[in-house]
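Remarks on the structure that follows.
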Amino acid sequence: MMLETVDPHRLAAWGLTPTTIAAHLQQRAEILRLVYPKFCHLCDRQLGDRDRYLPTLWQLWLPLAQHLIHQRQQLTRPFIQGLLGGQGTGKTTLGQMLSLILETQGYKLLSWSLDDLYKPYRERLQLQQTDPDLVWRGPPGTHDVELGIQVLDQLRHPIPGQSIAIPRFDKSHHHGMGDRVAPELVQDIDIVLFEGWFVGVQPIASPIFAHAPHPIQSDRDRAFAHACNTRLHTYLPLWERLDSLWILFLPDYTLSKQWRQQAEAQMQANGKPGMTPTEIAAFVEYFWKALHPDLFIRPAIATADLVIEVDADHAPGKVYRGREGEGGRERKGEGDRGR
């Protein structure tokens, strides 16, 4: 039996009713027929066992693509979809599959990451001199927010015939410190998938840090968490350019540490260098100190347009709308909606 017919939350997530579900599923089946050969090729080349991913294709990736197509059709400009998700939640795979599906329907998707907005290597070295707690790239304050705003504005309102320079970042440069590389020039983008580990996250009330959860324990930890919270305010104009926000939500955020340990162990088994368990714990907990999942990610559910829970085996679980996201986000700018 189709999940949509037994799960009212999933039915609502796709904006379906008992009278519209049949036409929706028929359209999904038609898209599946077109996508399936390319899906099989991607599985054979990169993802692995196609039987494992086929249910996710039908139950999640295809309806997400249908939803994006519908949203794009309502506007007279490109649609900007935000995606919040931590490491291992499937952001990269989701972007690949959406691009593949949308291409078969004549739509061009740009996958772009908050990581691509990291400040250049030299600027981050200078940043560490003024704030030694910014030992890793990633927390608020390590990105060029103004550049992101400029690029999203250009993507939202492109000039016909002109290419848009999309910043790109290579994490392998400078012994893993990473640096900017040549931008990617794009045209005729229909949908932008803008993803990152704290995309759309809002600042919280400062008194909360007085009783923050582990690993925010010392005065220095609380000062770092407070500073990251303050820096979040500069990201709000960037989030305002998003038309919608999806969350790949990990109910048990501690799994991210376990997943990182598994990934490092696999790298070492393949003869590549990796971090020790102690180094992994320090690395993962650094980001929990910056923006603790319970303090920042979980509250974001309330205003998300769509929440996709991620199970311990990395597979998608429940799908539902955020508690206050029933109507979606307000579109920005007059004349955005199609007539």
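Shape analysis of segment 1-79 places it in the oblate category; the axes a ≥ b ≥ c from the Cα gyration tensor give an a/c of at least 1.5, with a/b not above b/c. Remark on segment 122-165: hydrodynamic radius 12.5 angstrom, per the Kirkwood mean of 1/r across alpha carbon pairs.
Cross-link partners of Lys91 among lysines, defined as those whose alpha carbon lies under 21 angstrom from its own and excluding same-chain residues fewer than eight positions apart: Lys38, Lys108, Lys171, Lys257, Lys318.
In this structure, the amide hydrogen of His143, modeled 1.01 Å from its nitrogen in the peptide plane, lies closer than 5 angstrom to those of Lys119, counting only residues at least 5 positions away or on a different chain. Once the Cα-Cα distance is subtracted from the 0.36 nm per residue extended length, the Ala302 to Arg52 segment shows a gain of 86.9 nm. With contacts taken as Cα pairs under 8 Å and at least 6 residues apart, segment 193-257 reaches a relative contact order of 39 percent.
I need the shape label for segment 67-171. Rule: rounded when a/c is under 1.5, else prolate if a/b > b/c, else oblate, with a, b, c from the alpha carbon gyration tensor. Since a/c reaches 1.5 and a/b is larger than b/c, the shape of segment 67-171 is classed as prolate.
Across all directions, the shadow cast by the convex hull of segment 17-129 built on its C-alpha atoms averages 10.0 square nanometres.
Taking one quarter of the surface of the convex hull spanned by the alpha-carbon atoms of segment 125-201 gives a direction-averaged projected area of 6.3 nm².
For the chain, the Kirkwood estimate of hydrodynamic radius, built from reciprocal distances between every pair of different alpha carbons, is 21.3 Å. The spread of Cα positions in segment 209-324, taken along each principal axis and listed from longest to shortest, comes to 46, 38, 25 Å. Between Ala269, Ala223, Ala22, the Gaussian network model of the chain with springs among Cα atoms under 10 angstrom shows the greatest mean-square fluctuation at Ala269. Its relative contact order, with pairs defined as Cα atoms under 8 Å and 6+ residues apart, puts segment 69-159 at 30 percent.
Restricted to Cα atoms, segment 156-263 shows a radius of gyration and a Dmax of 18.3, 54 angstrom. Counting every alpha-carbon pair across segment 191-248, the share separated by more than 13 Å comes to 65%. Near the amide H of Arg168, within less than 5 Å, lie the amide hydrogens of Val181, Glu184, all on another chain or at least 5 residues away, with H placed in the peptide plane.
The C-alpha atoms of the chain define a longest principal axis, and helix 145-156 lies at about 10 degrees to it. Cβ crowding within 10 Å ranks Asp243, Asp131, Asp313 as Asp313, Asp131, Asp243, fewest other Cβ atoms first.
Read-outs throughout are calculated quantities, based only on the coordinates presented, and are distinct from any laboratory measurement. Because the structure is a prediction, the values reported are computed rather than measured. Ideal geometry is used to build each Cβ from the backbone, glycine not excepted, and the neighbour counts take in all protein chains shown.
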